[in-house]
Amino acid sequence: MLRALLLIGCCAALAPVKLPDGFKAPTPKPLQIGDSEIPDLLSGAAALAVRLATGTFVLGWRPCFAEVGGVKLFGSEPGAGEYALSFGPVRFRDDSSVLPAARPSKPIVVYEYESSPFCRKVREMCCLLDLEVEYRPVPGARGGAFAKELFAGGKTMVPYMVRLRRPSRASRRWRRSVPAQVDENADVAMYESDDICQYLRETYGPAQDAYDPKALWPLTFGPFQLITSTLAAIVRGLPGGQRRPDARSDNEERKPLELWGYETSPFVRPVRETLVELTLPHVMVPCARGSPNRDRMMKEMGRFQVPFLRDPNTGAELYESAAIVAYLNDVYTE
């Protein structure tokens, strides 16, 4: 892969990044909101509402356990290390009735622009299908080093879908369009949001007779998806339109950061927008309602809370949206 070759070639010259002086990961404080975070959360909630919470629940979502005041209403008691929402006397667990257990062995790679309604469609589909994705930000669909990587072939009009064992840069025929997807699990690369969504659904989704396709109408009904996704971006101030002038010049060359969360979370959104505007590659580990990754986080970290960031470039691990944004601004700006 072109990016792998670039990383190998520049590895020796890449200046290391380090933790801020006196850095200490903040203590997680579930559902505690600072006054400065309220505008962000309100606009994030508005964007969620405009899109009818698409991407908040995995495909085939269902409640599988409920308990009130110690009285079980239905389902089986969650086991040790399994996630269940606890709120006062209420305990609740959910999962998916249709998602296959097998997942891609490598994250799917998507070049994308945060405010594009077509890119949002792909991100929401990945949440519905519970797919890990490495996002490579291309601000404004033209800016940053990933744009140079994506457009290296110089083809500007031809859409493509390639199935090759080891596709070369020349044979891929990149063009100036996002979203663009590369799936190294199957040596597949393509443009066009509808084609990408169909490919992901057919390759990594449940059998077509296992669910009602009407459940996907917020994604498949074109005019509604386009208008509401555009409005959601406007509510958020059209983030990701350009690479921040203070972003480090070598951000695109860093190892991908790992962000646990999901598309519609108003707590996760400021973190993702900061990653995008700093053009930092990042793997999104989806944690929508019903996702098995909630159990995975419970087992690995002993708690469930998003956003959660792992940075392989510094070794930092931290919760709390505002703290993560501050950390990214400290480490990845000049």
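Some observations on this one:
- Against the numbered list (1) outside any loop (DSSP other than H, G, I, E, B); (2) surrounded by 12 or more Cβ atoms within 10 Å (Cβ to Cβ); (3) modelled with pLDDT of 90 or more; (4) under 24 Å from the mean Cα position of the chain (by Cα), ARG3 comes up short only at (3).
- Residue ranges of strands (runs of 3 or more DSSP E) in region 29-123 with at least 3 members over 30 Å from ALA180 (Cα atoms): 61-68, 71-75, 85-87, 90-96
- For region 54-85, taking the residues that are closer than 30 Å to VAL133 by Cα and open to solvent by 80 Å² or more (accessible area, probe 1.4 Å), the one that is modelled with the lowest pLDDT is identified as ALA80.
- Residues of region 245-303 satisfying the condition of being more than 27 Å from PRO39 (Cβ to Cβ) and part of a helix (DSSP H, G or I): GLU252, GLU253, ASN293, ARG294, ASP295, ARG296, MET297, MET298, LYS299, GLU300, MET301
- Residue within region 278-297 that is surrounded by fewer than 23 Cβ atoms within 10 Å (Cβ to Cβ) and free of Cβ contacts under 8 Å to residues at least 12 places away in the same chain present: yes
- Number of positions in region 124-148 that are without any contact (Cβ under 8 Å) to a residue 40 or more places away in the chain, in a helix (DSSP H, G or I) and open to solvent by 20 Å² or more (accessible area, probe 1.4 Å): 1
- Contact map, region 242-265: first residue in contact (Cβ under 8 Å) with a residue 24 or more places away in the chain, second residue assigned to a loop (DSSP other than H, G, I, E, B) and of a type in the set (Lys, Arg), Cβ cut-off under 8 Å, separation 6 or more or different chains; pairs are THR264/ARG51.
- Flag for GLY315 being surrounded by fewer than 18 Cβ atoms within 10 Å (Cβ to Cβ), modelled with pLDDT of 95 or more, more than 15 Å from the chain's Cα centre (by Cα) and farther than 21 Å from VAL109 by Cα: yes
- Residue check, SER43 closer than 27 Å to LEU257 by Cα, open to solvent by 30 Å² or more (accessible area, probe 1.4 Å) and of a type in the set (S, T, N, Q): no
- Which listed residue is in a strand (DSSP E or B) and in contact (Cβ under 8 Å) with a residue 12 or more places away in the chain, from LEU309, LEU238: LEU309
- Looking only at region 179-197, and only at residues there that are open to solvent by 20 Å² or more (accessible area, probe 1.4 Å), in contact with a helix residue (DSSP H, G or I) (Cβ under 9 Å, 6 or more places away or on another chain) and under 23 Å from TYR113 (Cβ atoms), the one that is modelled with the highest pLDDT: ASP194
- Summed over region 254-272, the residues that are closer than 19 Å to ALA316 by Cβ and buried (at least 19 other Cβ atoms within 10 Å of the Cβ) give a count of 11.
- Number of positions in region 278-311 that are over 16 Å from MET125 (Cα atoms), touching an Asp or Glu at 6+ places or on another chain (Cβ under 7 Å) and among the β-branched types (Val, Ile, Thr): 1
- Flag if ARG236 is open to solvent by 10 Å² or more (accessible area, probe 1.4 Å) and closer than 26 Å to ALA80 by Cβ: no
The values are calculated or read from the model by the stated rules, or taken from the named source; none is laboratory data. Every value quoted in this text rests on a predicted model; they were computed, and no experiment measured them. Note that each Cβ is placed from the backbone with ideal geometry, even for glycine, and that neighbours are counted across all protein chains shown. Protein only, heavy atoms only, side chains kept; ligands, DNA and RNA dropped before computing areas. Shrake-Rupley method; radii C 1.70, N 1.55, O 1.52, S 1.80 Å.
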